[in-house]
């Protein structure tokens, strides 16, 4: 994707919706499970978008914008670091690698579905 | 949740996604995602331990920094790499991202 004003606007608008949606999930699911939820759901959706026959504009809006902002690495990493700071290495490891496993399975499932509709 | 607070998250999300897009054009591929994830994790760690304003937290923390970093792009890029490349990508994002977050928490907590 080359840098263009249209792509930038689509990414920004998608990011706006993704951040608001993540915040809404945060208010309904307490604790780390909200971050797990957004990261896994967003990975499934992005896995779908990159294999489904959608155009560049849809990838910019829904993929780079929405899924990119709906999911978050910084909140996840800070959560892992806080658990480690508190000495709870077991929970930190399960959080870190459980999220990874679920997200990669999610990407595979989303990608398989996206490839099927293509 | 009042609407002005939701607007702070929305504008922060707009700015964060746009900055991430700019970074991905400047540094294409997994390297660009690694850069935003590590940088964003450090700044978020610093921010949440040094700024207490709820409105600032909503704009910069929940909105901008959380949208600047991304897990979904990281996961999709990891899956698209070779097994060795994917393992290196996970190792780099996790080791550097967690270290950056821990450094940020320590740095912000001292201020």
Quiz item: Got at least one residue in the stretch A:82-97 being touching a helix residue (DSSP H, G or I) at 6+ places or on another chain (Cβ under 8 Å), in contact (Cβ under 8 Å) with a residue 12 or more places away in the chain and surrounded by 21 or more Cβ atoms within 10 Å (Cβ to Cβ)?
Solution: no
Self-check item: Failed item, numbered, when residue B:3 is tested on (1) touching a helix residue (DSSP H, G or I) at 6+ places or on another chain (Cβ under 8 Å); (2) surrounded by fewer than 19 Cβ atoms within 10 Å (Cβ to Cβ); (3) more than 9 Å from every other protein chain (Cβ to nearest Cβ)
Solution: (1)
Practice problem: Look at residue A:78 and say whether it is more than 21 Å from residue B:10 (Cβ to Cβ), touching a residue at least 24 places away in the same chain (Cβ under 8 Å) and within 7 Å of chain B (Cβ to nearest Cβ). | Solution: no
Quiz item: What are the residues in the stretch A:98-107 that are within 14 Å of residue B:90 (Cβ to Cβ) and in contact (Cβ under 8 Å) with a residue 60 or more places away in the chain, if any?
Solution: A:98, A:99, A:102, A:103, A:104, A:107
Practice problem: Please give the number of the condition residue B:25 fails out of (1) crowded, with 20+ Cβ neighbours inside 10 Å; (2) within 9 Å of another protein chain (Cβ to nearest Cβ). | Solution: (1)
Quiz item: Among the candidates A:5, A:61, which residue alone is modelled with pLDDT under 95 and either more than 8 Å from every other protein chain (Cβ to nearest Cβ) or more than 19 Å from residue A:100 (Cβ to Cβ) (or both)?
Solution: A:5
Practice problem: Read through the list (1) more than 7 Å from chain A (Cβ to nearest Cβ); (2) within 12 Å of the chain's Cα centre (by Cα); (3) over 17 Å from residue A:80 (Cβ atoms), then give the number of the only condition that residue B:34 fails. | Solution: (3)
Practice problem: Kindly provide the set of residues from the stretch A:14-36 that are closer than 20 Å to residue B:12 by Cβ, surrounded by fewer than 22 Cβ atoms within 10 Å (Cβ to Cβ) and more than 7 Å from chain B (Cβ to nearest Cβ), ordered by number. | Solution: A:17, A:21, A:24, A:25, A:26, A:28, A:34
Quiz item: If only one of B:12, B:45 is under 18 Å from residue A:20 (Cα atoms) and touching a residue at least 40 places away in the same chain (Cβ under 8 Å), which one is it?
Solution: B:12
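The values are calculated or read from the model by the stated rules, or taken from the named source; none is laboratory data. Bear in mind that the values here come from a model prediction, so they are computed numbers and not experimental data. Using ideal geometry, Cβ is built from the backbone for each residue, glycine included, and neighbour counts are taken over all protein chains shown.
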